[in-house]
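A.B. asks: I have a structure here, written as structure tokens, and I will follow up with some questions on it.
The values are calculated or read from the model by the stated rules, or taken from the named source; none is laboratory data. Being a predicted model, the structure only gives us computed values, none of them experimental. Because the Cβ atoms are built from the backbone with ideal geometry, glycine has one as well, and the counts that use them run over all protein chains shown. In case anyone asks, the SASA skips ligands and DNA or RNA and just uses the protein heavy atoms, side chains included. Shrake-Rupley method; radii C 1.70, N 1.55, O 1.52, S 1.80 Å.
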Amino acid sequence: MFKQHYELLRRACDECLGWQLLKPLGFGDEYRLQRIRVPATDEQSQFDDLVGDLQTVLIESLDVKPLKKLLLPAAREQLKGKGSIALLREVLISRGVEESKVAFLGKLQRLRSMGSSHLKGTGYQKIAAYFGVDSRGRKEAFSGILWQAINVLEFLTDVVRSGKLNDKNGGGC
């Protein structure tokens with residue numbers, strides 16, 4: 001289902017924006033989209049890899065260049081040094097879109113950065129508890145993460161189709 005919703009967003013961007021909100025994955029990263037699924041086991045390494053794949057597909061691939069163009073210069077200046085999630089949030093707010101679903105991306109980013117990128121300390125334990133990793137197990141927790149990711153893709157597809165990310169003169173798709 002994740003791949004289907006990813007493709008729906010891609011098509012909506014083609015039809016309504018003329019650019020992709022999520023940059024197409026390059027030759028060395030295409031496998032990441034193909035690997036996203038509920039893991040077969042409860043192994044930490046598999047969980048970490050899948051979280052990393054999801055983070056690459058949803059966060060690292062956000063195309064910041066056209067997003068920045070949707071903001072006024074003063075807003076762009078305020079976002080210097082901030083990441084792609086903050087940029088997306090600001091663009092949505094500036095376009096009158098409720099951006100609460102973007103919070104998931106920040107939590108996913110924290111899960112990845114505190115999990116597979118560093119030693120797992122108290123920060124990881126807190127964000128893992130939010131996702132239910134210990135209480136539900138890694139396999140079940142990642143299933144829940146995938147559902148949240150699908151909800152974000154649906155949300156972004158709806159926003160793109162609404163025309164709110166078009167140039168200032170644009171309307172609905």
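A.B. asks: Any idea what % of Cα-Cα pairs in the range 1-65 are farther than 21 Å? Working shown, then result.
C.D. replies: Working: 555 of 2080 pairs.
Looking at the range 1-65, the distances longer than 21 Å represent 27 percent of pairs.
A.B. asks: Remind me, relative contact order of the range 28-111 in percent, using alpha carbon pairs under 8 angstrom and six or more residues apart?
C.D. replies: This gives 27 percent for the range 28-111.
A.B. asks: Same structure again: Reachable lysines from Lys65, Cα under 21 Å, same-chain residues fewer than 8 places away excluded?
C.D. replies: Within reach: Lys23, Lys80, Lys82, Lys164, Lys168.
A.B. asks: Turning to a different aspect of this structure: Grab every C-alpha pair in the chain, bin the distances at 10 angstrom width from 0 up to the longest one, and report whole percents.
C.D. replies: Going out from 0 Å in 10 Å bins, the chain shows 10, 37, 34, 16, 3, 0 percent.
A.B. asks: What is the angle, in °, between the Cα long axis of helix 2-16 and the longest principal axis of the Cα atoms in the chain? Nearest 10 is fine, range 0 to 90.
C.D. replies: For 2-16 against the chain, the angle is about 10 degrees.
A.B. asks: Also: Can you bin the range 47-105 into rounded, prolate or oblate? Criterion: square roots of the alpha carbon gyration tensor eigenvalues sorted a ≥ b ≥ c, rounded for a/c under 1.5, prolate for a/b above b/c, oblate for the rest.
C.D. replies: Here the range 47-105 falls in the prolate category.
A.B. asks: Once both axes come from the Cα atoms, what is the angle between helix 103-115 and the longest principal axis of the chain, in degrees from 0 to 90, rounded to 10?
C.D. replies: 40
A.B. asks: What distance in nm separates the simple spin-label points at Lys107 and Lys69, each placed 7 Å from Cα in the Cβ direction?
C.D. replies: 3.4
A.B. asks: Using 7 Å Cα-to-Cβ label points, what is the Asn151/Thr41 separation (nm, one decimal)?
C.D. replies: With each label point 7 Å from Cα toward Cβ, the separation is 3.1 nm.
A.B. asks: Highest first, please rank the peptides 105-114, 78-87, 62-71 by the mean number of other Cβ atoms sitting within 10 Å of their residues. Let's see the in-between values first.
C.D. replies: On the way: 105-114: 19.1, 78-87: 14.0, 62-71: 15.7.
Listed from highest to lowest mean packing, they are 105-114, 62-71, 78-87.
A.B. asks: Share of the range 78-172's accessible area from carbon and sulfur, percent, 1.4 Å?
C.D. replies: The C+S portion of the solvent-accessible surface of the range 78-172 is 48 percent.
A.B. asks: Express in nm, to one decimal, how much length is gained between Glu99 and Glu30 on full extension, taking 0.36 nm for each residue of separation and deducting their alpha carbon distance. The partial results should precede the final answer.
C.D. replies: Values: separation 69, 0.36 × 69 = 24.84 nm, distance 2.79 nm.
Stretched out fully, the Glu99 to Glu30 stretch lengthens by 22.0 nm.
A.B. asks: Sequence gap at least 6, Cα distance under 8 Å: using those rules, report the relative contact order of the chain to the nearest whole percent.
C.D. replies: Over the chain, the number comes to 32 percent.
A.B. asks: If you project the alpha carbons of the range 71-173 onto their three principal axes, what span does each projection cover, largest first, in Å?
C.D. replies: 49, 29, 17
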